[in-house]
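Novice: The structure's right below; bear with me while I get my questions together.
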Amino acid sequence: MATISPTPKLQFLDANGNPLVGGKLYTYIAGTTTPKTTYTTAAQSTANTNPIILDARGEANVWLLAGEAYKFVVQNAASVTQYTVDQITSAGTMSTQNSNFVTITGGNISGVTITGPITGDVTGNLTGNVTGNLTGNVTGGAIVGESYNGGQLAGLRNKIINGAMEIAQRGTSFTVNTGFGANYTLDRYSRIAVTAASVTVTQSLDGPASEPTLPYSLRCTVATADPTVTASELWTLLQKIEGYSARDLIGKTFTLSFWVRSAKVGTHCVAFYNNDYPSADRYYVAEYNISAANTWEYKEITIIDGLITAGTWDWTNGSGLTVGWTLYCGTTRQGVAGSWQSGWALATSSQVNVLDTIGNIFAITGVQLEVGNTPTPFEHRPFGVELSMCQRYYEKSFSYATAPAQNTGVTLGAAYATGQVVNQTFSTSVTFAVAKRAAPTITTYAPDSATANWSLNTTTPTAATANIGDSAFAVTGSTAVTAGNGYSIHWQAVAEL
């Protein structure tokens with residue numbers, strides 16, 4: 001940024017605009033009649049006389065003490081006062097001009113824009129925006145700010161849940177089926193697949209070595225390859241963001257950042273779209289490049305326009321915004337990159353085919369979506385907080401490390417009830433740890449038999465559910481009931497988007 005040059009040499013004029021030849025300049029401490037020294041050069045080695053006698057052009061070299069205030073009294077050669085100006089304040093000093101290392105001292109500093117790192121201490125109040133890094137202590141004043149990177153100052157910046165891939169309530173390894181229905185793997189991550197290929201999804205302890213705070217990844221490994229992509233084929237890993245959480249992105253720049261590892265070098269795509277297939281009618285595709293195969297790389301994608309309102313969006317407890325990482329895509333679902341478009345597309349024509357070879361890997365971790373045009377460091381929420389956020393959509397009675405299944409032989413955490421009358425209905429209520437986004441679908445599991453019923457040493461009263469709400473439900477049992485016996489049953493509640 002250029003600035004206007006200050007006056008290099010002072011010149012004084014008389015009332016007719018002529019140079020004040022032989023004029024006199026008296027300098028005082030501001031507001032007083034106490035003389036104050038000025039200098040002939042910036043080095044302050046030679047003091048001016050006081051008064052300063054102006055030359056044949058009415059000029060003089062006048063250097064003031066940095067950050068201090070003066071009063072000037074100007075007289076002509078006959079000692080007749082022409083005018084007085086009080087409270088003339090000089091600029092602060094800079095230890096080195098035009099340098100990255102500048103020290104500013106003196107009085108208050110206002111109306112200053114500093115671009116770049118500020119290293120050191122700020123004493124007093126810093127009001128305004130800092131672009132770049134602020135390193136050091138702030139003492140003697142308050143930090144007043146509305147946002148950090150245009151977003152929240154505190155936690156919960158990340159719209160993505162389980163971005164560190166730590167939560168795996170359903171298990172740690174999955175065979176992903178083809179189709180458009182729910183096929184969740186690690187918590188909050190699903191897929192859409194129309195393909196002849198098959199993919200195994202695992203929670204892997206293989207995060208980027210340069211980012212040890214992210215030890216886990218979600219890894220997709222090709223089990224059956226599909227080297228030829230037909231027009232209608234596609235495979236995308238996705239997370240759906242609830243409308244309540246997505247709607248504050250309307251018209252607001254946001255950034256998606258993540259670590260990714262792919263077996264394929266070249267163009268990969270991330271798609272943002274509204275609603276669920278086949279109702280999605282607005283999409284935004286962004287390309288990113290993998291430069292080295294099977295190597296962790298960090299990516300940032302910024303959507304300047306934010307979310308738009310055109311199209312069909314759910315801003316309440318439905319699917320508000322879907323973010324999908326595409327592994328391959330046929331021409332039917334290829335679109336334009338870099339702007340919101342009508343329809344539904346998952347990639348551009350440049351998308352590589354990650355599924356073309358058995359053993360190919362695609363993995364992600366450290367996924368963060370936040371307001372602003374620059375990503376902040378990944379937000380590590382406490383494990384319990386992240387788990388409770390996942391439980392809004394999925395919860396189970398099994399211990400955390402036990403995947404839901406029939407006949408696990410374990411009753412820890414299971415619902416329990418006692419039969420009161422022989423072969424008559426009994427029941428118990430179950431309260432969720434976290435209220436669900438909507439009334440969930442309940443699946444029951446027998447702890448010691450291959451049924452979905454209550455069990456006690458192979459006795460299996462028939463199970464049913466009732467009064468399913470977003471905070472609780474009831475489970476009943478009937479037939480084969482012995483009065484006084486206690487029965488156990490496991491369950492899972494699914495309220496995924």
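Novice: Taking 0.36 nm per residue of sequence separation and subtracting the Cα-Cα distance, how much length would be gained by fully extending the chain between Ala56 and Thr302, in nm to one decimal?
Specialist: 82.3 nm
Novice: To the nearest 0.05, what FRET efficiency results for Asp248 and Asn373 with a Förster distance of 22 Å applied to their C-beta separation? Could the numbers behind the result be given before it?
Specialist: Working: r = 16 Å, r/R0 = 0.72.
For Asp248 and Asn373, the calculated efficiency is 0.85.
Novice: Then there is this: Testing the spin-label approximation: label points 7 Å from Cα along Cα→Cβ at Thr49 and Ser79. State their distance in nm.
Specialist: Label at Thr49, label at Ser79, 1.4 nm between them.
Novice: Using a/c under 1.5 as the rounded threshold, could you call the range 395-494 rounded, prolate or oblate? The axes a ≥ b ≥ c are square roots of the C-alpha gyration tensor eigenvalues, and prolate needs a/b larger than b/c, oblate otherwise. Mind showing how you got there, number by number?
Specialist: Working: a/c = 2.17, a/b = 1.34, b/c = 1.62.
Oblate.
Novice: For Ser210 paired with Thr295, estimate the spin-label separation in nm (one decimal), with each label point 7 Å from Cα along the Cα-to-Cβ line.
Specialist: Placing both labels 7 Å along Cα→Cβ, they lie 0.9 nm apart.
Novice: How many angstrom lie between the Cα centre of the range 408-466 and the Cα centre of the range 278-306?
Specialist: 44 Å
Novice: Within the P(r) computed for the chain, what percentage of the Cα pairs occupies the region above 36 Å? Mind dumping the intermediate values first?
Specialist: On the way: 65407 of 123256 pairs.
Counting every Cα pair in the chain, those more than 36 Å apart make up 53 percent.
Novice: Shifting gears a bit: Quick one: order Ile241, Ile29 by neighbouring beta-carbon count within 10 Å, fewest to most. If you can, show how the numbers build up before the last one.
Specialist: Details: Ile241 21, Ile29 13.
Placing the least packed residue first, the sequence is Ile29, Ile241.
Novice: Spin-label point model (7 Å from Cα, Cβ direction): what's the Asn467 to Asn16 distance in nm?
Specialist: 10.6 nm
Novice: Let me ask something else. Counting other C-beta atoms within 10 Å, which of Lys9, Lys36, Lys396 has the fewest, and how do the rest follow? Could the numbers behind the result be given before it?
Specialist: On the way: Lys9 10, Lys36 17, Lys396 20.
Ordered by Cβ neighbours within 10 Å, fewest first: Lys9, Lys36, Lys396.
Novice: State, as an integer percentage, the relative contact order of the chain based on alpha-carbon contacts under 8 Å between residues 6 or more apart.
Specialist: Working: 1242 pairs, mean separation 55.7, N = 497.
Relative contact order, the chain: 11 percent.
Novice: Turning to a different aspect of this structure: Collect residues whose amide H, placed 1.01 Å from N in the peptide plane, falls under 5 Å from the amide H of Trp454; neighbours closer than 5 in sequence don't count.
Specialist: Ala463
Novice: Follow-up question, since we're still on this one. Please report how far the C-alpha centroid of the range 27-76 lies from that of the range 326-387, rounded to the nearest whole angstrom.
Specialist: Centre-to-centre distance over Cα atoms comes out at 66 Å.
Novice: What FRET efficiency, computed as 1/(1 + (r/R0)^6) with R0 = 45 Å and r the Cβ-Cβ distance, is obtained for Thr443 and Ser342, rounded to the nearest 0.05?
Specialist: Values: r = 38 Å, r/R0 = 0.85.
My answer for the efficiency is 0.75.
Novice: If you don't mind, there's one more thing I want to ask. Of the cross-linked pairs Lys159/Lys436; Lys240/Lys396; Lys299/Lys396, which ones have a Cα-Cα span greater than 27 Å in the structure shown?
Specialist: Numbers: Lys159/Lys436 18 Å; Lys240/Lys396 20 Å; Lys299/Lys396 34 Å.
Flagged as over cut-off: Lys299/Lys396.
Novice: Please identify which residues in the range 312-340 have an amide N closer than 19 Å to a label point set 7 Å out from the Cα of Thr230, following the Cα→Cβ vector.
Specialist: The answer is 327-334, whose backbone nitrogens lie closer than 19 Å to the label point.
Novice: Under unit Cβ charges (Lys, Arg +1; Asp, Glu -1), what dipole magnitude, rounded to 20 debye, does the chain have relative to its Cα centre?
Specialist: Magnitude of the dipole: close to 180 debye.
Novice: Can you show me the helix-derived [θ] at 222 nm for the chain, built from DSSP H runs with n ≥ 4 at -39,500 (n - 2.57) apiece and divided by the number of residues, rounded to the nearest 500.
Specialist: Mean residue ellipticity at 222 nm (helix-derived): -500 deg cm²/dmol.
Novice: Using a 10 Å cut-off around each Cβ, can you sort Tyr83, Tyr189 from fewest to most neighbouring Cβ atoms?
Specialist: Numbers: Tyr83 10, Tyr189 24.
Listing Tyr83, Tyr189 from fewest to most nearby Cβ atoms yields Tyr83, Tyr189.
Novice: Something else now. Before anything else, pin down the relative contact order of the range 173-386: Cα pairs under 8 Å, at least 6 apart, normalised by residue count, whole percent.
Specialist: Values: 581 pairs, mean separation 57.9, N = 214.
That works out to 27 percent.
Novice: Next up: Check cross-link reach from Lys36 to the lysines: straight Cα distance under 16 Å, and skip same-chain residues fewer than eight apart.
Specialist: Correct list for Lys36: Lys24, Lys71.
Novice: Defining a contact as two alpha carbons under 8 Å apart and six or more residues distant in sequence, what relative contact order in percent does the range 395-494 show? Please report the intermediate quantities before stating the final value.
Specialist: Values: 253 pairs, mean separation 39.4, N = 100.
Rounded, it is 39 percent for the range 395-494.
Novice: If you take the beta carbon distance between Gln424 and Ser279 as r and set R0 to 45 Å, what does 1/(1 + (r/R0)^6) give as a FRET efficiency, to the nearest 0.05? Walk me through the numbers before you get to the answer.
Specialist: On the way: r = 46 Å, r/R0 = 1.02.
The calculated FRET efficiency here is 0.45.
Every number in this text was worked out from the coordinates using simple rules, so none of it is lab data. Bear in mind that the values here come from a model prediction, so they are computed numbers and not experimental data. Heads up, the Cβs are rebuilt from the backbone with ideal geometry, glycines too, and the neighbour counts pull from every protein chain shown.
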